[in-house]
Amino acid sequence: MSVSITESYLTRYRSVVATTADPAGIYPLTGAQRRFLLARALDPLRRPDLAPLFFHLPRGTVDLPRLRRAAVGFARRHTVLCGRARLVKGIPVLRTGEPAVEVRRVPVPAGTAQDALRAELGAAPAYGPALRLLLACGPDEEQELLAVVLDHLACDEQSLGAVVAGISRAYDAAQDGDGPWPEADDGAAYREAVHHQLRAEHAASAEASLAYWGARLSDLSGLREPAEPPPCPTDDEEPEKGMLVHRLPAVPPKHRHILFPALLDAGSTALRVCSGAGQTPALGYPWGGRPTSAPDIMGCFINTLVHPAATGPARIEDTAAAWWDDLDRAGTPYDEVVRAVRLAGGNWSGTLHGILTFEDLGRRPGLRLAGVTGRETHLAVPLRYAAPVAMAASHGEDLKVRLVWERSGAADDLARDAFGVLLHTLRRHLYALPPTRDTSTP
């Protein structure tokens, strides 16, 4: 059996640690972190992978110096927010130091806060701070908009909840003065969590798992890359990305167990509309992370799984069964999956046609600053997505569905058709099914 990608990385990482003057300040990167770093380096526009959250608050709510103290104090408690991904002797690592935080007000001389934040994030530096809190308010707006922006190298879905709750607590505790703040107190736990993730990635690279993925994804189509990157739009041009949003009712409890398979089926159908006939698009979705018993550590402990968006089975139960089979091999690193497909004779290069994310809002607290709860909103911002079509679903009091697409790759009319098909498929699966037999045991 050939050496796994994870094993090869760890061998080179250990050689760096053995020869560096500051081994305690260097941490390995998970497979997902290394992919984000590589994608950033290869992107012609050097766009970072960011995870932004946006909150409306009444004008004058936020005390910016207090928010800055809260953000720095929160970051000091988390190793990954006190570090930056770097190459040391050619090996990608996390090198720790002072908190990588930026907190400031974004000027809005004209237009809206949303416009100002879109422009700000569109110009985000490739290797900027791990955590940015950007506040904006237009001259005629009664509410200000706070963007909580995390570098994806430092966060996953579980981390988003941790940072919102942590900033809320730290803001309440941040009175006048600068501390004293604790140093990063999760260093040992963070190091063990990363090594645990890498051990799991290595174990999931066994021959049986690679053979499964090689067969499962052998029919994927390649993604036609543009001849050159699209130019950045000027102020009077249409944004390079479009977004559609729709709210569906909360999913009935009897159908919650098929919610994600329904999203996979709906997303696959939408991708086929965008990709055209004769294509088997690759639909990626983040999955995995720390075990439920693991510490609540900020970091990026996810993997990206790939679903072949071919014409699906007639029954949602069959989609669910195939998905469960995929989850049994969910730990196989993305890079290993791509290599397995190529070795199996497929022509898939690893590029994704679409990306699907799902968030259970019941797992994440709201942002609350000094007793005022922010109202979360969503913006179509010119960030680098993992695919030209991105679909996101958030389930709380309702099911909020979003479609974001690159206008350089799909016309608006085609995207609207795809979104209509996506919503129709979700309605058919989640709201028009007969009651299912309860197979649970008391």
Inset, instruction - Only helices at least 20 Å long along their axis, Cα-based, and averaging -1.0 or more on Kyte-Doolittle count here, so list those DSSP H runs from the chain. - result: 5-19, 157-173, 187-203, 259-275, 412-430
Legend entry - Neighbourhood net charge (11 Å Cβ-Cβ; Lys/Arg +1, Asp/Glu -1) for ALA344: +2
Legend entry - At 0.692 mPa s and 37 °C, Stokes D of the range 5-194 from Kirkwood alpha-carbon radius, µm² per second: 185 µm²/s
Inset, instruction - Quick one: among THR11, THR351, THR304, which has the greatest mean-square fluctuation in a GNM of the chain with alpha-carbon springs under 10 angstrom? - result: THR11
Inset, instruction - With a 1.4 Å probe and every protein chain left in place, tell me how much accessible area TRP213 has, in Å² to the nearest 10. - result: 10 Å²
Inset, instruction - Mind listing the long-range amide H neighbours of LEU305? Cut-off is under 5 Å, sequence gap 5 or more, other chains count too, H placed in the peptide plane at 1.01 Å from N. - result: TYR285, TRP287
Legend entry - Heavy-atom accessible surface of the range 345-403: percent carbon and sulfur, 1.4 Å: 48 percent
Inset, instruction - Specify which labelled value, from (1) 166; (2) 177; (3) 154, agrees with volume of the Cα convex hull per residue in Å³ derived from the coordinates of the model shown. - result: (1)
Inset, instruction - Please report the relative contact order for the chain, taking Cα pairs under 8 Å with a sequence separation of at least 6, and give it as a percent rounded to a whole number. - result: 22 percent
Legend entry - the chain: most fluctuating residue of ASP413, ASP156, ASP186 per GNM, C-alpha cutoff 10 Å: ASP413
Legend entry - Residue-count net charge about LEU379 - beta-carbon cut-off 13 Å; Lys, Arg +1, Asp, Glu -1: 0
Legend entry - Reachable lysines from LYS241, criterion Cα separation under 22 angstrom, eight or more residues apart if same chain: LYS400
Inset, instruction - Could you provide, to the nearest whole Å², the per residue accessible area of the chain with probe 1.4 Å? - result: 46 Å²
Legend entry - Calculated on alpha-carbon atoms, Rg and Dmax of the range 337-381 in Å: 19.8, 58
Inset, instruction - For the range 5-194, give the percent of accessible area contributed by carbon and sulfur heavy atoms, probe 1.4 Å, rounded to a whole number. - result: 54 percent
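The values are calculated or read from the model by the stated rules, or taken from the named source; none is laboratory data. Nothing here was measured: the structure is a model prediction, and the numbers come from that model. A quick note on method: Cβ atoms are made from the backbone with ideal geometry, for glycine too, and the neighbour counts reach across all protein chains shown. Heads up: the accessible areas ignore ligands, DNA and RNA and are worked out on the full protein's heavy atoms, side chains in. Shrake-Rupley method; radii C 1.70, N 1.55, O 1.52, S 1.80 Å.
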